[in-house]
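What follows is one structure encoded as structure tokens, with my remarks underneath.
The values are calculated or read from the model by the stated rules, or taken from the named source; none is laboratory data. Because the structure is predicted, anything quoted here is derived from the model rather than measured. Heads up, the Cβs are rebuilt from the backbone with ideal geometry, glycines too, and the neighbour counts pull from every protein chain shown. We work out accessible area using only protein heavy atoms, side chains counted, and drop any ligands, DNA or RNA first. Shrake-Rupley method; radii C 1.70, N 1.55, O 1.52, S 1.80 Å.
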Amino acid sequence: MKNILCYGDSNTYGLKPGMTGRYARDSRWTGLLQKLLGDGYYVIEEGLGGRTTVWDDPIEEHKNGKTYLLPCLDSHKPLDLVVIMLGTNDLKKRFSLPVCDIAWGMENLIKTIMKSESGNAGSAPQILLIAPVPIANAGIRDLCLMFGDGMESSNFLAGEYEQVAKRNAVHFLNPGKSVEVGPEDGLHYTRAGHRKMAELVAQKVKEIFPQE
């Protein structure tokens, strides 16, 4: 059985658009991924709303993705693949980060996984880096104030992440705007969006493990 860890933020957690609750596991992209891949795979969900790459949030505590990453890898090893998708929360105005710094934060996490010895027989697991779906400006006042120019900057994350993936020889997926987000906030996936993400990731996993 291939063990796959999905490490992300509220969209990996399965938060509904408008932040009105959580989708059931069989509607979340991780749960749907498990169904698509079948019994030869075990998909582990590790989603946390507000999680950043490597930054401490001065308002929401315990959101630094670096802090929990090593304990998480250690508790779930041996892992065959780590799917990591973070960066949206780094775009908040409170962090004042250019896109290149968010990409460097992600590269820090990639290198942490590569050195973690959380794969089989103490090796490194394979890594699939996913670029976050760009934020759609839904005209919600609080979100516009929270993200500001970060909404536009979200469109440039994929290009920076692709370079990170190339530099570190890890797998990369850019879903772009093919994954539907809800008009309630422009951030969180609809049910159709979760289905699409599951399909994209499943296709990529089968490319990574073609013999399965």
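Can you give me the orientation-averaged projected area of the convex hull built on the Cα atoms of the stretch 1-106, in nm²?
Numbers: hull surface 29.1 nm².
With every direction weighted equally, the projected area is 7.3 nm².
Using alpha carbons only, how many degrees (0 to 90, rounded to 10) separate the axis of helix 191-208 from the longest principal axis of the chain?
The two axes meet at around 40 degrees.
Of F172, F147, F156, which is the most mobile in a GNM of the chain whose springs link Cα atoms less than 10 angstrom apart?
Highest fluctuation among the options: F156.
Which residue, K177, K166, K115, has the most motion in a Gaussian network model of the chain that connects Cα atoms within less than 10 Å?
With Cα springs under 10 Å in the chain, the top fluctuation among K177, K166, K115 is at K166.
Taking the Cα centre of the chain as the origin and placing charges on Cβ (Lys, Arg +1; Asp, Glu -1), which of P175, N108, L69 is farthest toward the positive end of the dipole?
In the chain, that residue is P175.
What distance in nm separates the two pseudo spin-label positions at S27 and I140, each 7 Å out from Cα along the beta-carbon direction?
The two pseudo-label positions are separated by 1.6 nm.
By how many degrees, 0 to 90 and rounded to 10, does the Cα axis of helix 157-168 deviate from the longest principal axis of the chain?
That helix lies at roughly 30 degrees to the long axis.
For the chain, calculate the relative contact order in percent as a whole number, restricting contacts to Cα pairs under 8 Å that are 6 or more residues apart.
Working: 418 pairs, mean separation 51.3, N = 212.
In percent, rounded to a whole number, it is 24.
Build a GNM of the chain with springs between Cα atoms under 10 Å: which of G21, G193, G31 gets the top mean-square fluctuation?
Maximum fluctuation in the GNM of the chain, among the listed residues, is at G21.
Ignoring ligands, DNA and RNA, please state the percent of accessible area on the stretch 81-140 from carbon and sulfur, probe 1.4 Å. Before the final figure, lay out the partial values.
Values: 1090 of 2160 Å².
Its accessible area is 50 percent carbon and sulfur atoms.
Given the alpha-carbon gyration tensor of the stretch 68-212, what are the semi-axes of its equivalent ellipsoid in whole angstrom, ordered largest first, with each equal to the square root of 5 times an eigenvalue?
Working: eigenvalues 156, 67, 34 Å².
Taking √(5λ) for each eigenvalue gives 28, 18, 13 Å, largest first.
At a threshold of 8 angstrom on Cα-Cα distance, excluding pairs fewer than six apart, so keeping six or more, what relative contact order does the stretch 7-94 reach in percent? Don't skip to the end; give the middle numbers.
Values: 106 pairs, mean separation 27.6, N = 88.
Answer for the stretch 7-94 is 31 percent.
Between N120 and M19, how many nm apart are label points set 7 Å from Cα along the C-beta direction?
Here the answer is 4.2 nm between the modelled labels.
Using a 1.4 angstrom probe, figure out how much accessible area the stretch 102-212 has per residue, in square angstrom, rounded to the nearest whole. Let's see the in-between values first.
Working: 5310 Å² over 111 residues.
Result: 48 Å² per residue.
Quick check: the angle from helix 65-76's long axis to the longest principal axis of the chain, C-alpha only, nearest 10 degrees?
30 degrees
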